[in-house]
1. Looking at (1) open to solvent by 10 Å² or more (accessible area, probe 1.4 Å); (2) in contact (Cβ under 8 Å) with a residue 60 or more places away in the chain; (3) under 22 Å from G105 (Cα atoms); (4) of a type in the set (A, V, I, L, M, F, W, C), find the lone condition where L318 falls short.
2. Open to solvent by less than 20 Å² (accessible area, probe 1.4 Å), of a type in the set (D, E) and either touching a residue at least 60 places away in the same chain (Cβ under 8 Å) or assigned to a helix (DSSP H, G or I) (or both): does that describe E290?
3. Filtering segment 275-323 down to residues that are aromatic (F, W, Y) and at pLDDT below 90, which residue is farthest from Y429 (Cα to Cα)?
4. Given the conditions (1) over 19 Å from the mean Cα position of the chain (by Cα); (2) over 26 Å from R300 (Cβ atoms), and given that S181 satisfies all but one, which numbered condition is not satisfied?
5. Mind checking which residues of segment 177-204 are outside any helix (DSSP H, G or I), modelled with pLDDT under 95 and more than 20 Å from R281 (Cβ to Cβ)?
6. Quick check on my filter: what residues within segment 154-168 are within 19 Å of D239 (Cα to Cα) and not charged (D, E, K, R)?
7. Residue pairs, Cβ under 6 Å, 6 or more apart or interchain, first in segment 449-462 and more than 17 Å from D369 (Cβ to Cβ), second in a helix (DSSP H, G or I). List them.
8. Looking at A69 and the list (1) in a loop (DSSP other than H, G, I, E, B); (2) modelled with pLDDT under 55, which single condition is not satisfied?
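The values are calculated or read from the model by the stated rules, or taken from the named source; none is laboratory data. Remember, it's a predicted structure, so these values are computed and weren't measured experimentally. All Cβ positions, even for glycine, are placed from backbone atoms using ideal geometry, and neighbour counts span all protein chains on display. Remember, those area values only see protein heavy atoms, side chains included, never the ligands or the DNA or RNA. Shrake-Rupley method; radii C 1.70, N 1.55, O 1.52, S 1.80 Å.
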Amino acid sequence: MLPDLSISPFTLVLTVIRFVLVVSVGLHILLTKRNTASAIGWIGACVFMPLLGTTLYLMFGINRVTRLAKKLVGDRSPRRLEIDQPSSWNRELEGQFAPLALMVGKLSSRALVGGNSIIPLHDGDGAYPHMLDAIDKASKSILLCSYIFRDDKVGGLFADKLVAAHKRGVQVRVLVDGIGSGYFLSPLYHRLRRAGVPCARFMHSLLPWRMPFINLRDHRKILVVDGRIGFLGGLNIADENMVSRKPKHPVSDTHFKVEGPVVRQLAEAAAWDWYFTTQERLHGDLYFQEHKSTGESLARIVTAGPDTDLEKIEYTMLQAITLARKNVRLMTPYFLPGQRLMSELGLAALRGVQVDLVIPHQSNHLPLDWACAANISPLLNAGVRVWLANPPFNHSKLMVVDRAWSCVGSSNLDIRSLRLNFEINMEIYDTVLAEMLDDFITKHRNKRLTHYDLDNRNKIIQIRDAFARLFMPYL
């Protein structure tokens with residue numbers, strides 16, 4: 001008797017659905033994924049787990065941020081928002097870094113502008129008094145973006161100043177990240193809202209179908225007052241940054257006070273983040289001012305994010321490294337970059353450039369430290385000098401090339417920061433400032449990391465670190 005080979009209608013329908021899902025999602029992956037490994041991984045997941053793989057891809061694999069940006073601004077650049085940019089301060093560069101200046105101008109669609117004053121401020125002890133004083137003196141507008149804005153003593157002081165400015169008629173706009181400043185509660189956000197201060201949470205939602213945005217954070221730290229004075233860097237707003245007060249888990253950091261024409265670009269970036277989140281356009285003299293010369297620095301804002309600014313900060317760094325002749329100094333709280341940056345740093349060291357990388361002896365994210373330990377050997381092989389900075393944990397993000405060019409801001413040197421987060425950096429052509437930052441980085445070269453240190457880890461630790469490295473894109 002022959003076996004019954006008939007297929008039930010339910011099984012047939014389920015098979016057809018699976019086939020259609022795999023083909024449809026596979027075609028979408030082929031057309032949209034630039035990274036080959038990512039494309040192969042997603043296709044494999046959908047082939048072997050059609051229903052679960054497709055669900056995960058629809059939730060986490062599609063870059064809806066780019067689509068949202070294009071929907072909001074149509075064919076216009078999302079950073080411009082139809083804000084006229086004066087050209088009187090635009091500058092062209094000659095010499096060693098001329099190719100870099102030309103490339104970044106085309107990449108960012110922003111001009112290199114002169115006449116800027118840029119002052120480094122260290123820790124909350126050095127930066128917060130300047131920021132609070134600017135808020136106190138605000139007469140027209142305040143734009144504030146922060147990844148972490150805690151409702152502690154420091155955060156409460158900032159909140160009180162912002163509320164007072166709002167009550168005296170200043171146009172205040174505060175944007176906090178939907179994860180970094182508290183996903184479920186965000187006390188500071190509710191405190192400002194209760195006081196009537198316009199405050200928004202970047203990409204925050206409790207709806208399940210909004211889950212993809214959990215992985216995309218606004219990591220920028222921006223304060224612009226009256227369109228004239230700006231602040232940016234790595235500094236969040238929290239008690240832990242007041243290092244002199246000896247908090248339980250102190251975080252040292254570097255921020256920058258900026259005056260001059262580049263503040264207009266900084267305000268523009270903050271205005272775009274606000275518009276992206278709330279669809280409210282900010283324009284006019286309240287937020288964007290004409291500027292006079294306040295210093296000698298040439299500077300330009302470079303933004304990056306998973307919208308239309310994908311990887312632009314990384315491209316800027318890569319081009320700067322290729323032009324290095326003598327030295328490259330890097331200071332970052334987390335070091336887990338992709339292969340491109342690893343290769344470029346290694347090649348620079350091999351051609352005789354002195355490359356120094358300063359990372360914390362221990363950061364505030366241990367899994368990231370573990371993955372870094374498993375990933376850093378190729379740089380040591382190439383001759384890159386890796387240094388461990390003593391406590392307190394330093395959150396500064398600094399890069400200096402040949403003691404002449406600097407790149408500062410919010411971007412860490414890891415895949416999440418360079419690809420997934422919304423970040424803001426500033427490139428600066430100023431030898432005096434570059435030398436100052438170079439010396440600051442050099443001062444934190446406390447202990448050199450060697451192959452012996454890595455090889456001397458016991459096998460259990462090495463296995464743990466290697467396992468953590470598998471999760472590099474998500475740490």
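1. With respect to (1) open to solvent by 10 Å² or more (accessible area, probe 1.4 Å); (2) in contact (Cβ under 8 Å) with a residue 60 or more places away in the chain; (3) under 22 Å from G105 (Cα atoms); (4) of a type in the set (A, V, I, L, M, F, W, C), L318 is out only on (2).
2. no
3. Only one residue fits best here, namely F276.
4. (1)
5. Matches in segment 177-204: D177, G178, I179, G180, S181, G182, Y183, F184, L185, S186, H204.
6. Of everything in segment 154-168, those that are within 19 Å of D239 (Cα to Cα) and not charged (D, E, K, R) turn out to be V154, G155, G156, L157, F158, A159, L162.
7. These pairs meet every condition: H451/L380.
8. If we test A69 against (1) in a loop (DSSP other than H, G, I, E, B); (2) modelled with pLDDT under 55, just (1) comes out false.
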